[in-house]
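In what follows, a structure is listed as structure tokens, so that the remarks can point back to it.
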Number of protein chains: 2
Amino acid sequence: MENLLVENTDLERIVILGAGFGGFTLAKKLIKSDYQVVLIDRNNFHQFQPLFYQVAMAGLEPSSIVFPLRKAFQKCENVIIRVAEIEGVNTETNTVMTDKGTISYDHLVLATGATTNFFGNEDIENNTYGLKSVSEALSIRNNIFSDFEDAMTTQNYDARQSLIDVAIVGGGPTGVELAGALAEMKRYILPKDYKELDAGEVDIYLIQASDRLLPGMSEKASKRSFDFLEKLGVKVLLNTRVTGIKNGRVETQAGETIIADKVIWAAGIKGEIIDGFAEAVVTKRSTLKVDAQLNIKGLKNVYAIGDIAFCESEENPQGFPQVAQVAIQMAHFLHKKFTKGHDKKFEYKDLGSMATIGRNKAVADLPFGKMSGFVAWVLWLFVHLASLIGFKNKLFVLINWMWNYLTYDQSLRLIIKPHNKSKPNKA
Amino acid sequence: MENLLVENTDLERIVILGAGFGGFTLAKKLIKSDYQVVLIDRNNFHQFQPLFYQVAMAGLEPSSIVFPLRKAFQKCENVIIRVAEIEGVNTETNTVMTDKGTISYDHLVLATGATTNFFGNEDIENNTYGLKSVSEALSIRNNIFSDFEDAMTTQNYDARQSLIDVAIVGGGPTGVELAGALAEMKRYILPKDYKELDAGEVDIYLIQASDRLLPGMSEKASKRSFDFLEKLGVKVLLNTRVTGIKNGRVETQAGETIIADKVIWAAGIKGEIIDGFAEAVVTKRSTLKVDAQLNIKGLKNVYAIGDIAFCESEENPQGFPQVAQVAIQMAHFLHKKFTKGHDKKFEYKDLGSMATIGRNKAVADLPFGKMSGFVAWVLWLFVHLASLIGFKNKLFVLINWMWNYLTYDQSLRLIIKPHNKSKPNKA
């Protein structure tokens, strides 16, 4: 029984799982194509991941960086939205199972993205925050400010320290951007908002296992971001491997202990894998092996794009980086394949990468050169603003950024807790 | 032990409980006064209650209608903020108890406001939504849209109906404004967003026990709001008393049954009373009896203002209405009493009341006349925009309103669920 209740038409059906950069872009491209497109996501919105850290740091509202799927596809007769938790795939019967029912497909595109990788360590999973959804970003924001409030009535020095200190594990873009934003909050906001607190007592740790920050970028970017963060007062610990996190203590391989109630885990991601695939096509990092046409090996009508896809080749033995640009370019590639039936190989055009550390401080590795500081920062702003979906989102983000820049004061420091009685009748 | 850790100074200390219209206004007025002011609220923000319904109906973001307390008092040396749950008052030792510790006072002002009154009916309390906080507003928004999504995969007619129908109990301003906003959503948004759904099947009930809507306003306003709502397709049931709500069914005294999973309870409020007051000063509606100087009877250094205060007089045997203006004017009165030591009686200057039903549709009873329709609507917009705290909030609300007006499409239809792991370490 097909109980996702999608009308059967004469068109071939493409089911897309996930409305992130890959799935959303592909569905958009397939508007008015000769396919029926069914886009399934657990959320009723597309999320702009690169700005999650600003939501976590009270610089932006979630609504400014997400876009409702139904609004995005309002005028499209051939795109059907279903908000459901995906439970599995049966590639023999060509069926997807969700918590709201099943649906059959002619073509299936996996675009489920990636989630935080705790490497099987339950202590770390239970005692840290991830940052792979706006909900998690809000949770970080709420807890940072709740803990500051609690600190106001905590006399014991050690107890107060563990409330106000924050440790970030992982020196990739997420870790670097979070640490920078936190350091600016410490510098510009805390002395004004929490006059009774000694802002100098707030310690921000950025813990990186390897010998440099931003290992995916150039040596120059690594060095500049390190300098920027040190200057902002972040305690950057390189060559430091975390072995356990428990009871507000971060233990490192070298035997050190860092005390912090709040630990943000940005030290790795893994694919959001779905039940129903042979072991042979699943990698150790829970991604799906695809060939150069993005076909999952052995399944000619099933594809994977974006963070969940592992596309190995001689030139790229490690696959492509798990970034938005790869997902978007893969979506464009699949769109052409579906509509023009070509047989080319997917090629990734690296447009460069960037990370922002703070006011006027960013690093960028671009095809035409490496840069840092103010120019890189302005470029970062423009690129992100341009990539946001929806004119109103762009406008609100722009106003917020201008406001924050001019006043040195992002004003979204709100602890809005979820209401307990979230669903009467259905508890 | 005073463990709210507020520094003792030479100044007399005024403790204000609650940062709503009354408490917030009073604290603002007391900036730079010769008092130490301690403002305690369970939230770290002031909430603008008159626009909760727009948050619930996806027209505004919570952050646009709340304002962080610490930001509001950033430059005030004599105002101390504490975010805590108030647990009780001891008027013999002049102490307030909170979940984070105690604090003593020289003067105490109760400004805790009001909460939803379920009149002791547990079925109603457990099976309906209140609308007395932004968290509750978000909860209503999330559940309306979740249920629409669920309706897309629900084939059974009755089951689908209970997902999409909404019943609102209570025909005061909150009920009227909610019903109007819902009806506009049904008309302008649903046919675009949920093409597969028959918007005509969505029933909106507004259930009022008495024989007219907006009983606090003029007959003309009652009649006009009724006409507006009927025109928008709302099923207004007057003279209908709800006797029970259970299993998605609303039972009325006349023996009728209305089937709706979502019932919003806007049929009454009661004071947010605090432990520690003699029975003699507490009314049946959990408000505190105050004299004409807003003094709680028998306690010369304890005051109550706003919704929690019951100020009975010969001219006002029912006390003053529980509205923002009374709270604000009481705050101004107390400010003068504290700073100038006068001995006048509180007098309420009624500036009028208004309610909005939809686009170009509002009713207003003003000292200089009663009006309805477009003029009342524009006036409503201006009054509410002017009353919002913070320039950025005004700007964002204005942009949102203009946007929604021009596009017929509020774009905040997001189901952002709270993240489960809200507080590692401290579960």
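The values are calculated or read from the model by the stated rules, or taken from the named source; none is laboratory data. Since we're looking at a predicted model, the values are computed, not measured. Neighbour counts are summed over all protein chains in view; Cβ atoms, including those assigned to glycine, are modelled from backbone coordinates with ideal geometry.
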Exercise for the section: Return a yes/no flag: does segment A:335-349 have any residue that is crowded, with 17+ Cβ neighbours inside 10 Å, in contact with a His (Cβ under 8 Å, 6 or more places away or on another chain) and either within 14 Å of chain B (Cβ to nearest Cβ) or part of a helix (DSSP H, G or I) (or both). Expected result: yes
Exercise for the section: Quick one: in segment A:399-414, of everything that is assigned to a helix (DSSP H, G or I) and among the aromatic types (Phe, Trp, Tyr), which residue is nearest to the other protein chains (Cβ to nearest Cβ)? Expected result: A:Trp403
Completion exercise
When every residue in segment B:252-274 that is among the charged types (D, E, K, R) and in contact with a Ser or Thr (Cβ under 6 Å, 6 or more places away or on another chain) is compared, the one modelled with the lowest pLDDT is B:Asp261
Problem - Members of segment B:251-275 found to be of a type in the set (A, V, I, L, M, F, W, C) and either within 20 Å of B:Phe226 (Cβ to Cβ) or outside any strand (DSSP E or B) (or both), listed by number - result: B:Ala254, B:Ile258, B:Ala260, B:Ile264, B:Ala266, B:Ala267, B:Ile273, B:Ile274
Fill in the blank from the handout: Residues of segment B:146-166 being buried (at least 19 other Cβ atoms within 10 Å of the Cβ), in contact with a Leu (Cβ under 8 Å, 6 or more places away or on another chain) and within 13 Å of chain A (Cβ to nearest Cβ), in sequence order, are B:Asp147, B:Phe148, B:Ala151, B:Met152, B:Thr153, B:Thr154, B:Val166
Problem - Among the candidates B:Ala137, B:Ala151, B:Ala159, residue that is assigned to a helix (DSSP H, G or I) and free of Cβ contacts under 8 Å to residues at least 24 places away in the same chain - result: B:Ala159
Exercise for the section: State whether the residues of segment B:201-224 include one that is within 14 Å of another protein chain (Cβ to nearest Cβ) and touching a residue at least 24 places away in the same chain (Cβ under 8 Å). Expected result: no
Exercise for the section: Mind listing just one residue for me: the one in segment B:111-139 that is farther than 18 Å from B:Val242 by Cβ and touching a helix residue (DSSP H, G or I) at 6+ places or on another chain (Cβ under 6 Å) and, of those, surrounded by the most Cβ atoms within 10 Å (Cβ to Cβ)? Expected result: B:Ala111
Exercise for the section: Quick one: in segment A:90-124, of everything that is of a type in the set (D, E, K, R) and free of Cβ contacts under 8 Å to residues at least 40 places away in the same chain, which residue is farthest from the other protein chains (Cβ to nearest Cβ)? Expected result: A:Glu92
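If I filter segment A:6-21 down to residues being farther than 24 Å from A:Ile328 by Cβ and of a type in the set (Asp, Glu), which single residue comes out as farthest from the other protein chains (Cβ to nearest Cβ)?
Ranking the qualifying residues of segment A:6-21, first place goes to A:Asp10.
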Exercise for the section: Examine segment A:121-132 for a residue that is basic (Lys, Arg) and in a loop (DSSP other than H, G, I, E, B), and state whether such a residue exists. Expected result: yes
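Between B:Glu77, B:Glu87, which is free of Cβ contacts under 8 Å to residues at least 60 places away in the same chain and surrounded by fewer than 22 Cβ atoms within 10 Å (Cβ to Cβ)?
B:Glu77
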Problem - Selected residue (criterion: surrounded by the most Cβ atoms within 10 Å (Cβ to Cβ)) from residues of segment B:247-263 that are more than 27 Å from the chain's Cα centre (by Cα) and small (Gly, Ala, Ser) - result: B:Ala254
